[in-house]
Amino acid sequence: LMPAARTARESIFSVMSRLAAQHGAVNLGQGFPADPPPAFLLEAARGAVGHFDQYSPPAGLPALREALGADLHVNPQDIVVTCGATEALAALALSLYGPGDEVLMLEPVYDVYLPQARLAGATPVTVPMTLDDGGWAVDVNAVQAAVTGRTRALLLNTPHNPTGKVLSAAEQRDLVALARQHDLWIISDEVYDELSFTDEPVGLRSLAPERTFTVGSAGKRLEATGWRVGWVACPAGLAPQVVGVRQLASFCAPTPLQVAGAQALPRARQEGFYAQLREKYRVRKEWMVSGLRALGVTVHEPQGTYFLTAQHPAWDALSLVREGVAVIPGEAFYDQHDCPPGLFRVAFCKSQEDLEEALARLSRLA
Ligand code: PMP
Ligand code: GLN
């Protein structure tokens, strides 16, 4: 194996999409929306291709940084536009960690966090979230106990993939206090920032602007996951160092799509697009939660995102895909702790027909 291949294996999302195609399964695995992006985004892109076709600055197109700055209430100079949130997270790992460093993260954990830390030479250390009748929670004392002299950063995700958990205001406050006490960077992956169904505030940067890097994604906000436009809002003055690293991988994000994003992001806010998106997925969530519960599945109701986690003692992802429904096995989100038995993730950002067909197929197993 090439040295990096030891850490970087095929993504579970690609694996499950391939198996779904092979078995003709309804794909509730990989998280990409069935609906097209909003017309105002597509129009903006059509107007940009053919006019803005060359490189743009590695920090991002100035118009997009301005638009994001206004939207996130951040100085545009502190924003770096990347090829999706994935590149932002990779650039931060390579910028912030080195050999010997430890990075704290919570399990279940989004798949790229572990290998990205390892590619930077660092050691990911995970703390399991707890699960009880009240749903998923963070044991801040356990996080505190995992801090060592080598810990450099706390990598958080709210709303959280795969659980849909939104960090409560108290959890946010305690985690920020811990980061301050131990002088840790906070990387806050907030790609689902507009998809919270609760009133809890999302946005750790407002609590600790001096140490928080906030990661976002136009693909998630505007239902265009293939466009590869993401960003990171950095603590004041640190963006140039992140730019120095990210320009080595992709140089810049696609210029015409950044032009489209610069036009569409303010429109999405002004025209209430995010409120519509939230309502659409809240309805699908309710529908899927009650449909699965009616089949005897234990569902941990999500507070945000378009994912939910559920448990069934007799089901596993490999047999489900053969029966015609692809989901993501819970084990894919665990590395250092035991996955709760029979845990799987369902993506409900799919068409109503697909969700109904999936439930019909599952009801034959229940
Ligand atoms: N972080 C989380 C928590 C995600 O769920 C995803 C994608 N589903 C990403 C990052 C990557 O986002 P992008 O597609 O913008 O690279
Ligand atoms: N983040 C998406 C998910 O959780 C998939 C991302 C990908 O396939 N790279 O399903």
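Here, each number is a calculation from the coordinates, and none is a lab measurement. Values in this document were obtained by computation on a predicted structure and should not be read as measured data. Note that we place each Cβ from the backbone using ideal geometry, even for glycine, and neighbour counts take in every protein chain shown.
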| query | What ³J(HN,Hα) values, in whole Hz, does the Karplus curve 6.51 cos²θ - 1.76 cosθ + 1.60 give for region 164-175 when θ = phi - 60°, with x put for Gly and Pro? | reply | x, 6, 9, 4, 6, 4, 5, 4, 4, 4, 5, 5
| field | Distance between modelled label sites at A70 and A236, nm, 7 Å Cα→Cβ extension | value | 2.3
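Note down the relative contact order for region 39-270 as a percent, whole number, built from C-alpha pairs under 8 angstrom at least six residues apart.
Working: 442 pairs, mean separation 74.6, N = 232.
RCO, region 39-270: 32 percent.
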| message | List the residues, sorted by chain then number, that are 5 or more residues from N157 or on another chain and whose placed amide H is less than 5 Å from its amide H. | response | D189
| task | Just flag the chymotrypsin sites (Phe, Trp or Tyr not before Pro) in region 1-103 sitting in loop per DSSP whose Cβ has no more than 15 other Cβ atoms within 10 Å. | result | Y55
| field | Most mobile of T82, T225, T309 in a GNM of the chain (Cα contacts under 10 Å) | value | T225
| note | Reduced to Cα centres, the span from region 276-296 to region 1-72 in Å works out to 25
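Taking the Cβ-Cβ separation of A360 and F13 as r and a Förster radius of 25 Å, what is the calculated FRET efficiency to the nearest 0.05?
Numbers: r = 24 Å, r/R0 = 0.97.
The computed FRET efficiency comes out at 0.55.
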| field | Percent of alpha-carbon pairs separated by more than 33 Å within the chain | value | 28
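What FRET efficiency would be calculated for the residue pair A142, S168, taking the C-beta separation as r and a Förster radius of 22 Å, to the nearest 0.05?
Values: r = 16 Å, r/R0 = 0.73.
The computed FRET efficiency comes out at 0.85.
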| remark: Each label sits 7 Å from Cα toward the beta-carbon; between A34 and A314 the label points are separated, in nm, by 2.7
